[in-house]
Amino acid sequence: MELTCIVCPNGCRLTVDGEGGDLKVTGAQCKKGIAFAEAELTNPVRSLTTTVPTVFPDFPRLPVKINGEIPKNKIFDAMKVIKTALVTSRLRVGDVVLPDVCGVELVATANMNTI
């Protein structure tokens, strides 16, 4: 199987042979690539960033992210939950927008302070 590592900017093209706990990974320029390939084949996870609407005309959408990783097959479930969000108070970076999106928090990634 061939994969492209997404952990660092190198974007190594990896080749993975074997199954289960007996995987041989080639093409990695660092140990992160090997760990990525093993995780991708056993339990693929992703981070998620998007925006949510607000009630503020001067800041109509707030950029957000989940503060962890979720299983890759839960991305669409997470987006269904995120689409229910509406920000009604001014938030700062790190403030929680939703406490539980597939087991992790959705947090603000921008300050909504007005100048």
| remark: Total charge of the residues flanking Pro71 in space, meaning their Cβ is under 13 Å from its Cβ, with Lys and Arg +1 and Asp and Glu -1, is 0
| note | The helix 31-42 Cα axis meets the longest alpha-carbon principal axis of the chain at an angle in degrees, between 0 and 90 and rounded to 10, of 80 degrees
| Points 7 angstrom from Cα along the Cβ direction at Asp100 and Phe59: gap in nanometres? | 2.7 nm
| At a 1.4 Å probe radius, carbon and sulfur cover how many percent of the accessible area of the chain? | 53 percent
| task | Report, in debye and to the nearest 20, how large the dipole of the chain comes out about its Cα centre when Lys and Arg carry +1 and Asp and Glu carry -1 on their Cβ. | result | 400 debye
| field | Over the chain, relative contact order from alpha-carbon pairs under 8 Å, at least 6 apart, % | value | 18 percent
| Sites matching trypsin sites (Lys or Arg not before Pro) across segment 1-110 that sit in DSSP coil, with at most 13 neighbouring C-beta atoms within 10 Å | Lys83, Arg92
| query | Where a ≥ b ≥ c are the square roots of the eigenvalues of the C-alpha gyration tensor, would you call segment 8-51 rounded, which needs a/c under 1.5, or, failing that, prolate if a/b is larger than b/c, or oblate? | reply | oblate
| field | Isolated Cys residues of the chain, judged by Cβ distance under 4.7 Å to other cysteines | value | Cys8, Cys30, Cys102
| Hey, with R₀ at 25 Å, roughly what FRET efficiency would Val81 and Asn113 work out to, going by the Cβ-Cβ distance, to 0.05? | 0.40
| note | Mean separation of Cα contacts under 8 Å (at least 6 apart) over the residue count of segment 1-56, i.e. the relative contact order in percent, is 25 percent
| task | Grab the chain and count how many Lys pairs have their alpha-carbon atoms under 26 Å apart, sequence gap of 8 or more, or different chains. | result | 12
| message | With a 1.4 Å probe and all protein chains left in place, how much accessible area per residue does the chain have, in Å²? | response | 64 Å²
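The values are calculated or read from the model by the stated rules, or taken from the named source; none is laboratory data. Please read all numbers here as calculations on a predicted model, not as lab measurements. Cβ atoms come from the backbone with ideal geometry, glycine included; neighbour counts cover every protein chain shown. Areas reflect the complete protein model, heavy atoms only, side chains present, ligands, DNA and RNA absent. Shrake-Rupley method; radii C 1.70, N 1.55, O 1.52, S 1.80 Å.
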